[in-house]
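The values are calculated or read from the model by the stated rules, or taken from the named source; none is laboratory data. For clarity, every value in this text was computed on a predicted model and none was experimentally measured. We work out accessible area using only protein heavy atoms, side chains counted, and drop any ligands, DNA or RNA first. Shrake-Rupley method; radii C 1.70, N 1.55, O 1.52, S 1.80 Å.
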Amino acid sequence: MIGAVLFTWLQGAEFYIDLHKQAVDTLPSGENKTWIDLGCGPGLVSRLAAEKFYNVTGIDTDPFMIKAARRLKKWHGSNANFEVNDLSYLLDRKADVISAASLLAVLDDKEDALNKMWASVLPEGYLLIIEPTELMNQENANKLIKSGLPKKRLSGLKMWAKARENRSIEPTIFDNIKTKDKKTLELLGGLVKARIFKKTNSLA
């Protein structure tokens, strides 16, 4: 429950909202398309996806996170849906977009999780992975804060940096995703990266 409260607080920080919105906004509008947001937490990415007209389902293993997500859904008037579940949710489901923000780093079998996500992306769909980089540490967070970030909840960045220091994803894990249509966005001064992979018919 404490984790859900802290994560909800962090997701309300302007810098946190902005970087995730930048990532979500790289994807096309989603009329009549589906989006599954894994490890959704209090639901920020899910709500941003719903604003782009996707039919969104946010998934998290923590019932307190889902409770927070549903509360914020009502607060923001979002159409996103939320369920308590895990990666097994993908076994018999596919979607136009699969996303995971700050999830891979905390999973034991990162490669297996990534493979399952990619397998669940429909042809011409997208996989969106947002993760802190090796630059996410307290020293770099402090430098970024001094450079003039929006003031709201900047202590959240310090907390995030402390929690994720030396826990970045090894970039080579993404080499197994076979597609030529991919891009990487540097966010929050390089402390975070968003990776977007499109499943084209030729290399699906």
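Classification of region 1-75 by its C-alpha gyration tensor yields an oblate form. The axis ratio a/c (a ≥ b ≥ c) is 1.5 or more, and b/c is at least a/b. Filter Lys52/Lys146; Lys116/Lys183; Lys152/Lys199; Lys116/Lys182 down to the pairs with a C-alpha to C-alpha distance above 27 Å, please. Among Lys52/Lys146; Lys116/Lys183; Lys152/Lys199; Lys116/Lys182, the Cα-Cα distance tops 27 Å for Lys52/Lys146; Lys152/Lys199. Based on protein heavy atoms only, region 126-204 ends up with 56 Å² per residue of surface accessible to a 1.4 Å probe. Recomputing Rg/Rh (Cα atoms, Kirkwood Rh) from the coordinates shown identifies the correct label among (1) 1.03; (2) 0.98; (3) 0.94 as (3). The shape of region 158-204 comes out prolate: with a ≥ b ≥ c from the C-alpha gyration tensor, a/c is at least 1.5 and a/b beats b/c. With a 1.4 Å probe and all protein chains left in place, how much of the accessible area of region 138-204 comes from carbon and sulfur atoms, in whole percent? Summing carbon and sulfur atoms, their accessible area is 45 percent of the total for region 138-204. Of all aspartates and glutamates in the structure, the ones whose alpha carbon falls short of 20 Å from that of Lys151, not counting any fewer than 8 places away in one chain, are Glu14, Asp18, Glu139. Carbon-plus-sulfur accessible fraction, region 11-126 (probe radius 1.4 Å, protein heavy atoms only): 49%. Before anything else, pin down the relative contact order of region 133-204: Cα pairs under 8 Å, at least 6 apart, normalised by residue count, whole percent. Value for region 133-204: 36 percent. A probe of 1.4 angstrom, applied to the heavy atoms of all protein chains, finds Glu124 with accessible area near 80 square angstrom.
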